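A short write-up of the structure that comes next.
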Amino acid sequence: MDPTVESEIFKALETTRLLIGDRKEIQYSRCGRTDKGVSAVGQVIALYLRSKLKDIDAHNKHSGETVPEEQDGQPEGEIDYVRVLNGVLPKDIRIVGWCPVPSDFSARFSCLSREYKYFFWNDNLNLLVMETAGKKLIGEHDFRNFCKMDAVKVHNYRRNVMSFEISPCDMRFEGHQLYAIKIKGSAFLWHQVRCMVAVLFMIGQGLESPEVIDALLDTRTLRKPQYLMAPEIPLVLLSCEFEGLKFSCSSDAGQALHVHLENECRLYHLQAAIFQEALLSHLPLSIGAENKDSSSNGVTRKKASHVPLMSRETEPSYEERRAKLETVKLRA
């Protein structure tokens, strides 16, 4: 439901009169979709826009096959798309660069890889065991037990994870170090990263062994056990990789973007300082000590005994979902 990042971008395109048709006419494509609450700092979309360059066809569409000489960081004489769009977009949405592309380019299907980061606090997690388990995800596997299955649209659940690592970030809070899981793959299934992270957290807490990854990747004898995926807020789409693309931005637009992001960082640090002041000034220390859940990572849950993943109720298999869909079709 609106507003979404996509809807706000199209509103800005309409306001600035850069659109030259509806979504089908402009051949709009996006590299990927993110869940509500998930952020992106490297999302890529592709579409035909109004242009000042002469290398366009009868429908005012730039071919992208030849690129004019650059001036001030972008093709000479072209519209400063970054500056124009950022001038009307909401403050939490920004265009960071643009690039002419061939007419057959697709932001989704031309993408070589996507990279995600998932931030978390190291609250008594065994990072070494988590990283050992995470390495088991590298390679081409069937990840149907690590996603929300869409049996209507998705029929192949094999995906290729290229790299996995856990590293510390330059941030601490009350003695706790912020870390990030960075995972790169050719493509990802619906909720795949959040499901993988949820299982890794169980392993890091000592509730599951790393071998549970092997069991979940073996779809011959197992259906997905029921478990909650990791929260959406800490997940970020970091980058999308394409062959031969060079995104550009004018120096003025780049400077304005840098100042804007710096100001936003300062604002959020100020807000964090206010919450920390409340934490230090108004709450008895005993409240925090007695109710602290060291493994929450952004989620407040009632403490309960852990049921091993392999002993839980399972979700319907792909075959069972398809059979149910066919039954509904026949009845209709």
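The values are calculated or read from the model by the stated rules, or taken from the named source; none is laboratory data. These numbers were taken from a predicted model, which means no experiment stands behind them. Note: ideal-geometry Cβ built from the backbone for every residue, glycine included; neighbour counts use all protein chains shown. Ligands, DNA and RNA are excluded from the accessible area calculation, which covers all protein heavy atoms including side chains. Shrake-Rupley method; radii C 1.70, N 1.55, O 1.52, S 1.80 Å.
Structure summary
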read-out: When residues of the stretch 233-271 are limited to those that are polar (S, T, N, Q) and in a strand (DSSP E or B), the one modelled with the highest pLDDT; value: Ser239
read-out: Among residues of the stretch 123-155, those that are surrounded by fewer than 21 Cβ atoms within 10 Å (Cβ to Cβ) and in a loop (DSSP other than H, G, I, E, B), counted; value: 13
read-out: Residues located in the stretch 22-50, provided they are farther than 26 Å from Leu112 by Cβ and either of a type in the set (Asp, Glu) or in contact with a Lys or Arg (Cβ under 9 Å, 6 or more places away or on another chain) (or both); value: Asp22, Glu25, Arg50
read-out: Filtered residue count, the stretch 26-43, keeping only those that are of a type in the set (Val, Ile, Thr) and touching an Asp or Glu at 6+ places or on another chain (Cβ under 6 Å); value: 1
read-out: Of all residues in the stretch 235-248 being open to solvent by less than 30 Å² (accessible area, probe 1.4 Å) and touching a Gly at 6+ places or on another chain (Cβ under 9 Å), the one that is nearest to Val101 (Cα to Cα); value: Ser248
read-out: From Ser209, Ser239, Ser250, residue being of a type in the set (S, T, N, Q) and within 23 Å of the chain's Cα centre (by Cα); value: Ser239
read-out: Answer residue from the stretch 92-122, given it is outside any strand (DSSP E or B) and more than 19 Å from the chain's Cα centre (by Cα) and is modelled with the highest pLDDT among those; value: Phe105
read-out: Contacts under 8 angstrom Cβ, first residue in the stretch 249-274 being not assigned by the TED database to the domain that holds Pro90, partner exposed (fewer than 10 other Cβ atoms within 10 Å of the Cβ), 6 or more apart; value: Glu264/Asp92
read-out: The lone exception for Glu319 - which of (1) at pLDDT 70 or above; (2) open to solvent by less than 90 Å² (accessible area, probe 1.4 Å) it fails; value: (2)
read-out: Residue within the stretch 163-176 that is within 17 Å of the chain's Cα centre (by Cα), surrounded by fewer than 16 Cβ atoms within 10 Å (Cβ to Cβ), under 17 Å from Met130 (Cα atoms) and at pLDDT 95 or above present; value: yes
read-out: Extreme residue, most open to solvent (accessible area, probe 1.4 Å), among residues of the stretch 24-57 that are touching a residue at least 12 places away in the same chain (Cβ under 8 Å) and of a type in the set (Lys, Arg); value: Lys36
read-out: Residue count, the stretch 4-16 (criterion: in a loop (DSSP other than H, G, I, E, B) and modelled with pLDDT under 95); value: 1
